[in-house]
Amino acid sequence: MKSFDELASLKTRLANEAQRRANEAAEQRRREAQRLAEANVFREAVGDVRPLPDVRQPTLGRHKTAPVARQRAADEVAALEQSMSDEIDIASLLDTDEQLSFRRPGIGPDVVRRLRKGEWTIKSQIDLHGLRVDEARSALVEFLQHATRNDQRCVRVIHGKGLGSLNREPVLKGKVLKWLVQRQDVLAFCQARPNDGGAGAVVVLLSPR
């Protein structure tokens, strides 16, 4: 009798547990249906809208690089190249010393003397060796523009002695002197000291930025 009573009690508990689970499942389905119904009512009420971004999450945008006015820079270089003539006669503009030097009107002769003595530190240089005339002119224009922008007052231009050219004449030397004379940012220049290139280079003093 005791075993029969225990079996009957177990059966009752199992039945109650099954009923409880069924009731919970029914309640879950009812709540889900109610939630969906409320959501549909809300969508119909607010219409077609898009949700705002979550302000708690920072938006990482791609860093935009400032545009570079390359075309304008190229145009400036081209204009300066065209303004520098190869036919200009600079004989009257150069000081008639052994190391043909130049100083712009208003610049005293002491400036050239100090330049020749190396009182200004050479900040940068360009070597035009092996370049054709047009290439050398373009390279010199860009070099001087860069030096002026960076406030490099004293620079060296290496034009060579012409040992490898036809008739062993310094083709670029005369061109470089003519080009420099036509640059308003060139205050003075002179032949470099022997340890700075001698007759194969000139030291140039540029105006302040």
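The values are calculated or read from the model by the stated rules, or taken from the named source; none is laboratory data. These figures come from a predicted structure and were not determined experimentally. Cβ sites come from the backbone with ideal geometry, for glycine too, and all protein chains shown count toward neighbours. Ligands, DNA and RNA are stripped out before the accessible areas are found, and what is left, the full protein with its side chains, is counted by its heavy atoms. Shrake-Rupley method; radii C 1.70, N 1.55, O 1.52, S 1.80 Å.
Tell me, which strands (runs of 3 or more DSSP E) lie completely within the range 109-204 with 2 or more residues that are among the aliphatic types (A, V, I, L, M)? Filter on the range 109-204 gives 154-158, 186-191.
Within the range 177-186, if we keep just the residues that are within 29 Å of the chain's Cα centre (by Cα) and either farther than 18 Å from Asn150 by Cβ or not charged (D, E, K, R) (or both), the residue that is most open to solvent (accessible area, probe 1.4 Å) turns out to be Gln184. Scanning the range 117-137 for residues that are of a type in the set (Gly, Ala, Ser), open to solvent by 30 Å² or more (accessible area, probe 1.4 Å) and farther than 18 Å from Cys190 by Cα yields one hit, Gly130. The numbered conditions (1) closer than 15 Å to Val204 by Cβ; (2) within 33 Å of the chain's Cα centre (by Cα); (3) open to solvent by 60 Å² or more (accessible area, probe 1.4 Å); (4) modelled with pLDDT under 65 are all true for Met84 except (3).
So for the range 92-102 (the condition being at pLDDT below 90, more than 21 Å from Gly198 (Cβ to Cβ) and of a type outside the set (Phe, Trp, Tyr)), does at least one residue qualify? Scanning the range 92-102, I find at least one residue that is at pLDDT below 90, more than 21 Å from Gly198 (Cβ to Cβ) and of a type outside the set (Phe, Trp, Tyr), so the answer is yes.
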